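A short write-up of the structure that comes next.
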Amino acid sequence: MTFGGLPTRFEPAGRSRGVALVAPGRAYSPAAPLLELARLALLQHDLAVQQIWWNSTTRGDEDPEAWVRRHVEAAHAEEDADHVLLVGKSLGTRAASYAAERGLDAIWFTPLLVDPVVAEGIAANPGRQLLVGGVADELWDVSVARELADAGCEVLEVADADHSMGTPDVVRTAEIHLEVARAVETFLSQT
C-alpha cells in the first residue's frame, strides 16, 4: 500500500507478533520524526506497522473525533492480528475512546489532554498506555497527565518541550527525541 508514492505498510524482519496502527497529527505526517522513530522501534519489536495518512483539511464540518475514529476503524478492520497497538499523535489521539472500547494498548504522542473527550478515553482504556508530552505544549494538561499516571498510564513529561516535542534549540530538540525514543523502547520491551 502507498500514499502519494510513499509506502504505508511495513513488515518486521522476523515473524510479526501483531500490528501497530499509526494515526498522525493534523499537520504531522507518519513520516515526521516522532512517528518515524516509533515506526523503527515497532519494527524492532516485531510489530507490523500500518500508517494512516490523511488530509485533515477534507474533514469539513465532521466532528474531529468521529472523523479520526472512522479512519482508525477502517484501518483496524483490514487487520487480522491478535495483538493491535494504536499509536496516535495530537489529532490521532482523538482515537482514544476507540482504543478504550477495544482495550488496545496505545502510545499517545502529545495527546490533547485539554479535551475532556480525549482524557476520558485514555482514562477508560484498560490497555497499557504511554503518554508523551511537554509542559510547554498548550494542549498538554499537567494535572490530567498526573491523574492518568496515578491511574496506571506510563507518562513521559518533558518540561521544555512544545507540541512537536521540541524547543527552538536544535540540539535540545534532538535530546528530547532521544528521550522519547528511549521511553517508547522501554514501553515496547514490556509489551
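So here's what we get for this one:
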| quantity | calculated |
| --- | --- |
| Flag if SER164 is open to solvent by 30 Å² or more (accessible area, probe 1.4 Å), closer than 26 Å to ALA48 by Cα and touching a Phe, Trp or Tyr at 6+ places or on another chain (Cβ under 9 Å) | yes |
| Qualifying position, being surrounded by fewer than 16 Cβ atoms within 10 Å (Cβ to Cβ) and touching a strand residue (DSSP E or B) at 6+ places or on another chain (Cβ under 8 Å), among ALA149, ALA99, ALA106 | ALA149 |
| THR110 out of contact with any Phe, Trp or Tyr (no Cβ under 9 Å at 6 or more places or on another chain) and of a type outside the set (A, V, I, L, M, F, W, C) | no |
| Within region 57-173, strands (runs of 3 or more DSSP E) holding 2 or more residues that are among the small types (Gly, Ala, Ser) and under 24 Å from SER189 (Cβ atoms) | 129-134 |
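The values are calculated or read from the model by the stated rules, or taken from the named source; none is laboratory data. All figures in this text were calculated on a predicted structure; none of them were measured in a lab. Note: ideal-geometry Cβ built from the backbone for every residue, glycine included; neighbour counts use all protein chains shown. Quick note on the areas: whole protein, heavy atoms, side chains included, nothing else; ligands and nucleic acids left out. Shrake-Rupley method; radii C 1.70, N 1.55, O 1.52, S 1.80 Å.
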